[in-house]
Amino acid sequence: MIQNNPIGRLIAHAILIIGILIVAFPIYYTFIASTQSLQEILRPPLSLLPGGHFWENYSAALFGGVGRIGGVGVDRLLFNTLVMALGIAIGKICISILSAYAIVFFRFPGRMIFFWLIFITLMLPVEVRILPTYKIMVDLGLIDTYTGLILPLMASATATLLFRQFFMTIPGELVEAARVDGAGPWRFFKDILLPLSKTNIAALFVILFIYGWTQYLWPLLMTNRNDMSTIVIGLRKMISFADADTEWHLVMVTCILAILPPVLVVVLMQRWFVRGLVETEK
Amino acid sequence: MVTAPSVILRAGLFTNGTFMASSTRVTFPNKLLPYVLLAPQLAITAIFFYWPASQAIYQSVLREDPFGLSTQFVGLDNFRRVLGDPNYLNSLQVTLIFSVATALIAMALALLLAVMADKVIRGKGIYRTLMIWPYAVAPAIAGMLWLFLFNPSMGTLAYLVRSTGYNWDPLLNGDQAMVLIVSAAAWKQISYNFLFFVAGLQSIPKSLIEAAAIDGAGETKRFWTIVFPLLAPTTFFLLVVNTVYAFFDTFGIIHAVTGGGPGKATETLVYKVYNDGFVNLILGDSAAQSVILMIIVIGLTAIQFRYVERKVHYG
């Protein structure tokens with residue numbers, strides 16, 4: 001064993017704590033600000049302890065009745081974002097598990113062509129095809145719809161590749177045994193493949209939920225109406241440095257509310273999240 | 001959209017040599033069913049990926065007036081104009097500085113923290129939990145958080161900086177704006193890199209490090225001669241992921257914090273495509289820029305495939 005150096009370990013703890021303070025500070029600061037009144041926020045430096053306006057600010061932001069962002073309440077924005085994140089996560093998992101199933105467990109003409117067609121889309125991120133995609137959305141009448149927010153982000157090769165990779169590790173004997181016992185493709189999928197994929201699905205769900213929740217460019221283009229906006233875009237619209245009327249205390253509250261759901265998902269589903277992120281790569 | 005996870009899955013593509021597996025697998029005999037299963041994904045892919053991408057390529061060789069009244073074929077003129085445009089070259093430079101700075105800072109800090117986390121015995125799990133959650137923060141919000149801290153009118157840290165007499169105003173000074181968005185972008189990426197470095201460190205055989213310790217190598221020497229070279233595959237992988245992140249996923253930070261300004265000091269390539277296409281309505285140029293970006297993505301993906309799976313530390 002390498003000599004156990006208590007001083008070295010103490011230094012390690014100290015550096016980690018400093019690191020965590022740096023990582024946590026911007027969010028902590030915003031939380032503090034969200035419990036202060038507008039006047040306190042505008043008069044720096046801010047105290048490092050929570051102020052006394054927690055309930056006041058949070059209830060004003062959540063149930064204030066007044067539409068903060070162009071007539072739309074925070075609850076509506078959170079709901080839109082939730083629909084978008086869930087839609088992308090669930091939709092992506094569904095269509096990619098099906099296509100991976102087709103590619104791995106069936107032999108049919110054009111199999112590899114289809115695989116490559118899906119695979120190459122890795123090289124076509126939204127950013128490189130913004131304008132033409134936007135035009136298509138306009139032509140299809142999908143601006144300001146949930147379909148428009150969700151559908152184009154649903155197809156991507158990533159989830160398909162992950163499932164494909166996992167399916168490849170399933171022993172052929174299992175398929176053979178299932179077939180001998182008279183199970184058809186649907187039965188095999190439902191009773192054997194799905195239960196085996198549970199952890200992968202959970203891991204992917206966390207990653208895709210975060211992906212959907214944190215989208216920026218796409219909802220920015222896809223939504224004109226304020227009531228179809230997502231929380232991140234809404235937040236951006238609330239902030240104006242030129243305008244003296246920005247209600248910073250409510251901006252801070254909205255910021256915390258926008259961060260909270262995905263952070264909770266990551267922290268509570270940490271086991272699957274880390275697994276999905278790191279171990280699929282090995 | 002290129003996201004960090006997408007790149008990971010890409011990297012996992014060739015593992016176990018299964019990428020082009022032979023067809024010795026046991027399969028189901030159905031003829032029609034596989035097409036039905038593939039249909040949803042293929043339909044979405046065709047409508048939202050192939051059709052717009054081909055449109056981008058098509059438009060990149062056309063010149064259209066902003067009202068869409070007339071269009072003419074101009075060959076590679078759009079590319080020539082874009083590549084000769086000082087504004088484009090400026091945004092290329094901005095993107096490079098931004099990406100390199102973001103990747104280096106995010107990776108260096110994450111590596112330091114991961115090495116420290118590898119050393120401690122107690123509290124590993126707590127440190128990890130406290131370290132990972134910025135991953136869930138949207139890039140645009142990460143930018144706003146840093147703006148709250150550092151904007152000259154109300155940010156507490158900006159107040160502290162200014163009280164030392166330094167003229168801090170990222171809304172007016174381009175270099176300071178760059179520092180601000182690099183900080184926000186790197187801050188958000190630390191947690192991601194941290195997880196990968198921790199996993200990479202755990203996979204290094206302890207016997208190697210012990211052998212070096214017996215031979216009298218000190219801690220610093222052990223790190224640079226054994227740990228760091230063995231981490232090379234992780235480091236290289238993260239380098240590509242962080243570059244892709246800085247290129248594409250940071251659009252939100254720039255749009256929310258600086259809007260490409262002041263001047264054009266923080267206008268990255270992706271921001272310029274958006275700005276030229278949607279704000280200035282120069283469609284041909286925007287399309288040409290899109291195609292150039294496409295080539296950059298293909299390049300990055302190719303580099304990744306070529307080197308990531310080859311264990312870098314052997315070569």
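Quick look at the values:
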read-out: Structure-based [θ]222 nm, chain B - -39500 (n - 2.57) summed over DSSP H runs of at least 4, per residue, nearest 500; value: -19000 deg cm²/dmol
read-out: Computed over region A:6-63, Kirkwood Rh from alpha-carbon pairs, angstrom; value: 13.3
read-out: Positive-pole candidate from B:Ala46, B:Tyr271, B:Val227, dipole of chain B, charges at beta carbon; value: B:Val227
read-out: Length-normalised contact order for region A:74-281 - Cα pairs under 8 Å, 6+ apart - percent; value: 36
read-out: Coil-residue chymotrypsin sites (Phe, Trp or Tyr not before Pro) of region B:106-173, DSSP, other Cβ within 10 Å capped at 16; value: B:Tyr166
read-out: Listed residues A:Leu264, A:Ala100, A:Ala183: farthest to the positive end of the dipole of region A:74-281 (Cβ charges); value: A:Ala183
read-out: Average Cα contact separation per residue, chain B, under 8 Å, 6 or more apart, as relative contact order %; value: 29
read-out: About the Cα centre, charge dipole magnitude for chain A (Lys/Arg +1, Asp/Glu -1 at Cβ), debye; value: 680
read-out: Too-long pairs where the Cα-Cα distance tops 26 Å, listed order kept, from A:Lys198/B:Lys206; B:Lys188/B:Lys264; A:Lys92/B:Lys264; A:Lys92/B:Lys272; value: A:Lys198/B:Lys206; A:Lys92/B:Lys264; A:Lys92/B:Lys272
read-out: Likely footprinting exposure, A:Phe106, A:Phe79, B:Phe98, fewest C-beta neighbours within 10 Å first; value: A:Phe79, A:Phe106, B:Phe98
read-out: Assigned charges on the beta-carbon of Lys, Arg, Asp, Glu; chain B dipole about Cα centre (debye); value: 980
read-out: Taking region A:6-63 and dividing mean pair separation by its residue count, relative contact order in percent (alpha carbons under 8 Å, at least six apart); value: 29
read-out: Ranked A:Ile113, B:Ile47, A:Ile22, A:Ile259, criterion: other C-beta atoms within 10 Å, fewest first; value: A:Ile113, A:Ile22, B:Ile47, A:Ile259
read-out: Most mobile listed residue (A:Ile143, A:Ile239, A:Ile88) in chain A, GNM with C-alpha springs under 10 Å; value: A:Ile239
read-out: Theoretical FRET efficiency, 1/(1+(r/R0)^6), r = Cβ-Cβ of A:Ile192 and A:Thr147, R0 45 Å, to 0.05; value: 0.85
read-out: Karplus-derived 3J(HN,Hα), 6.51/-1.76/1.60, for each residue of region B:74-88, Hz, glycine and proline x; value: 10, x, 8, 3, 4, 5, 4, 5, 4, 6, x, 7, x, 5, 5
read-out: About the Cα centre, charge dipole magnitude for the protein assembly as shown (Lys/Arg +1, Asp/Glu -1 at Cβ), debye; value: 1500
read-out: Equivalent ellipsoid dimensions for the protein assembly as shown as semi-axes, Å, which come from the Cα gyration tensor, largest first; value: 37, 34, 25
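Each value in this text was obtained by applying a stated rule to the coordinates, not by laboratory testing. Since we're looking at a predicted model, the values are computed, not measured. Cβ atoms come from the backbone with ideal geometry, glycine included; neighbour counts cover every protein chain shown.
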